[in-house]
There are 2 protein chains.
Amino acid sequence: MNNFTLHERLKNDTFEVMDLALCRVLLMNDSHFPWLILVPMRTGVTEVHGLTREDRAVLIEETAAASRAISSVFSPDKINIGALGNLVPQLHVHVVGRTREDRAWPGPVWGSGQGAPYVKEELEKTLSAIRQALQGQGA
Amino acid sequence: MNNFTLHERLKNDTFEVMDLALCRVLLMNDSHFPWLILVPMRTGVTEVHGLTREDRAVLIEETAAASRAISSVFSPDKINIGALGNLVPQLHVHVVGRTREDRAWPGPVWGSGQGAPYVKEELEKTLSAIRQALQGQGA
């Protein structure tokens, strides 16, 4: 499609879930939170307003699809969405399921401390459930 | 238009900038950061995926317009966008200009400590510059 390359840090911190029309969907390697990261497969874009209008419309639909997937699989109390990029310039959107009992509540997840890496079985179960939920909405 | 009422806490923490087609634009009363909050004028919506697809397309365009306005007036190093809502359930989107020298860098602004309220002259200058920047893009 294009010369899209995932930023090294995103690659190191996540597992691949699937590619949607615009975004590569990643699962953050932190089993404390159901935490997806959507990376528009466009080279050199660092801000939402740096995308085309057409890509932005797709980005927010894929963000909504990721939110619905997390909601249906994990029934969180709240979805948190964030595009920060202070450390990793490649544009990426966090979609995180939050519960009132999670370690960062009601604060943000970013900078909330050490993640808890997935163990193999839990990872496979989580990836499979999220893929099914994303595919189930025709995303 | 409808019975939209701004959440009490958003009202207390901000100043009104202007209404766009979908969102009321607010300026956070924290002069440390150029910090806008966009509140879709829809009653009872708490999540991005709770909006209609049409409203979502407008929301991301208005978010991009707010980002461009902050960029043009303040020349930040990065724009941070976030929809959290862990404390205030009414759907709202933060758009914040960040610099490498700001008090929270590279962490998130949410939960980063006490805000610095605007003094009158600075507030009027800031509101005027942001309104002009938003209007200049036909937002």
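The values are calculated or read from the model by the stated rules, or taken from the named source; none is laboratory data. Predicted model, so just to flag it, every value in this text is computed and none were measured. FYI the Cβ positions are ideal-geometry reconstructions off the backbone, even for glycines, and counts take in every protein chain you see. We work out accessible area using only protein heavy atoms, side chains counted, and drop any ligands, DNA or RNA first. Shrake-Rupley method; radii C 1.70, N 1.55, O 1.52, S 1.80 Å.
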Listed by first then second residue, the pairs whose first member lies in region A:76-87 and is of a type in the set (S, T, N, Q), whose partner is modelled with pLDDT of 95 or more and open to solvent by less than 10 Å² (accessible area, probe 1.4 Å), with beta carbons under 6 Å and at least 6 positions apart or on separate chains, are A:Asn80/A:Val96; A:Asn80/A:Arg98
Kindly check whether there is at least one residue in region B:52-59 that is more than 13 Å from the chain's Cα centre (by Cα), open to solvent by 10 Å² or more (accessible area, probe 1.4 Å), within 13 Å of chain A (Cβ to nearest Cβ) and among the β-branched types (Val, Ile, Thr). yes
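Identify, from the list A:Arg42, A:Arg100, the residue that is under 22 Å from A:His7 (Cβ atoms), at pLDDT 95 or above and in contact with an Asp or Glu (Cβ under 8 Å, 6 or more places away or on another chain). Please lay out each step first, then the result.
Values: A:Arg100 fails: under 22 Å from A:His7 (Cβ atoms).
On inspection, the qualifying residue turns out to be A:Arg42.
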For the structure I just gave you, tell me whether B:Ser31 is away from chain A (no Cβ under 12 Å), more than 12 Å from the chain's Cα centre (by Cα) and on the phi > 0 side of the Ramachandran plot. no
How about region B:62-88: which of its residues are more than 7 Å from every other protein chain (Cβ to nearest Cβ), of a type in the set (Val, Ile, Thr) and crowded, with 22+ Cβ neighbours inside 10 Å? B:Ile70
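Please find, among A:Ile60, A:Ile70, the residue that is in contact (Cβ under 8 Å) with a residue 12 or more places away in the chain and part of a helix (DSSP H, G or I). Even if it seems obvious, please write down each step before you answer.
Working: A:Ile60 fails: in contact (Cβ under 8 Å) with a residue 12 or more places away in the chain.
Going through A:Ile60, A:Ile70 in turn, just one is in contact (Cβ under 8 Å) with a residue 12 or more places away in the chain and part of a helix (DSSP H, G or I): A:Ile70.
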Out of all the residues in region B:30-38, is one or more more than 17 Å from B:Leu87 (Cβ to Cβ), surrounded by 15 or more Cβ atoms within 10 Å (Cβ to Cβ) and charged (D, E, K, R)? no
Take the conditions part of a helix (DSSP H, G or I) and facing another protein chain (nearest Cβ under 9 Å) and apply them to A:Ala129. Does it pass? no
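Among residues belonging to region A:14-28 that are open to solvent by 50 Å² or more (accessible area, probe 1.4 Å) and touching a residue at least 24 places away in the same chain (Cβ under 8 Å), point out the one that is farthest from A:Ala116 (Cα to Cα).
To start, the set of residues in region A:14-28 that are open to solvent by 50 Å² or more (accessible area, probe 1.4 Å) comprises A:15-16, A:19, A:21.
Then drop every residue that is not touching a residue at least 24 places away in the same chain (Cβ under 8 Å), which leaves A:15, A:21.
Numbers: A:Phe15: 14, A:Ala21: 30 Å.
Looking at residues that are open to solvent by 50 Å² or more (accessible area, probe 1.4 Å) and touching a residue at least 24 places away in the same chain (Cβ under 8 Å), I get A:Ala21.
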Could you look through region B:39-51, keep only residues that are of a type in the set (Val, Ile, Thr) and open to solvent by 20 Å² or more (accessible area, probe 1.4 Å), and pick out the one that is nearest to B:Val95 (Cα to Cα)? B:Thr46
